[in-house]
1. Looking at the square roots a ≥ b ≥ c of the eigenvalues of the Cα gyration tensor of the stretch 5-147, which shape do they give, rounded for a/c under 1.5, prolate if a/b is larger than b/c, or oblate?
2. So how do 23, 169 line up by other beta-carbon neighbours within 10 Å, fewest first?
3. In whole percent, what relative contact order does the stretch 161-269 give with Cα contacts below 8 Å and a gap of six or more residues?
4. Quickly estimate the mean residue ellipticity at 222 nm for the chain, helices only: each DSSP H run with n ≥ 4 gives -39500 (n - 2.57), and the total goes over all residues, rounded to 500.
5. Among 95, 21, rank each residue by its count of other Cβ atoms within 10 Å, from fewest to most, as a rough exposure measure.
6. Which whole-number percentage describes the relative contact order of the stretch 273-353, with Cα contacts under 8 Å and a sequence gap of 6 or more?
7. From the Cα gyration tensor of the chain, with a ≥ b ≥ c the square roots of its eigenvalues, which class applies: rounded if a/c is under 1.5, or else prolate if a/b is larger than b/c, or else oblate?
8. Given an 8 Å cut-off on Cα distances and at least 6 residues of separation, report the relative contact order of the chain as a percent.
């Protein structure tokens, strides 16, 4: 394989294909197949020595060698597959250690011994490619970690029954959590118009828009961010939505973060927690029967209603409640509700809309 001046454009196209393959979220094997084809090689392998994240070494082969066996037909483990190829083929490799020395990447390319020898130009291209692979894999890992983190944070906010809407510097919606979308779809207190958040009450919307503008101004300045709280009337007549408008002073080195100016937090008091009985039992060391009583009391039922729901007598329910008090170190039913709702148990179940 040679890259003369007349083929520089073709080489550029090849690098673009490698970059796109790395960034589109597909298997790394697909990228290696591009490398194998470009070198007219028998196989391509990338070895990733992860020195910090897992302390392990990963081997990725092109599909042709995925199930390699030795001369007796016995499947070979990954390191042995690499040794097998090195011994029986014409190898070429290039390595790169990340700047923080957290990982080492090695690209191996193999040709049949009878094929054309790898030259200096091929070796130079191999060095370029291992650099591309390292950058692409590192970026994919960071993006994957960021997406997992974002998903987990969003899930926690949903389980806390808080909707979150992110606005850009023009006041347009950048992103809305699942909980926020549920609130907005109801168009009861808040709604979306022209990709902007609006209060359903015209009078309250003027105050709401003023709060958003103030937050955008604060986000663009060096002043300490200040939140603004509003109570928005629900057209259904049920209790008002609680809304917090807060500036976001994001990292300007990140284009995505820099475009986020305002966070709007939404809490609907009509959305009540429905705690999971098994988690209540595990967290507070209760019996299944005690956990069932605690769960119903937390949902707002009286002791009498809880007993009816569980098909037990009022005296039995009282006995369970006394045992719960003893185990939890509390003396009142209201304390029990606060204890449960302030515990980690609400992270184990999604929201429930009150009837």
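Read-outs throughout are calculated quantities, based only on the coordinates presented, and are distinct from any laboratory measurement. Everything numeric in this text was worked out from a predicted model, so none of it was measured. Methodologically, a virtual Cβ is constructed for each residue, glycine included, from the backbone with ideal geometry; neighbour enumeration extends over all protein chains shown.
1. Values: a/c = 1.69, a/b = 1.09, b/c = 1.56.
Oblate, since a/c reaches 1.5 and b/c is not below a/b.
2. Values: 23 13, 169 16.
In increasing order of surrounding Cβ atoms, one gets 23, 169.
3. About 30 percent, as a whole number.
4. After summing the helix terms and dividing by residue count, I get -14500 deg cm²/dmol.
5. Numbers: 95 15, 21 20.
Result, fewest neighbours first: 95, 21.
6. Values: 90 pairs, mean separation 33.8, N = 81.
About 42 percent, as a whole number.
7. Details: a/c = 3.67, a/b = 1.79, b/c = 2.06.
Here the chain falls in the oblate category.
8. Values: 540 pairs, mean separation 39.4, N = 355.
Averaging sequence separation for qualifying contacts and normalising by length gives 11 percent for the chain.
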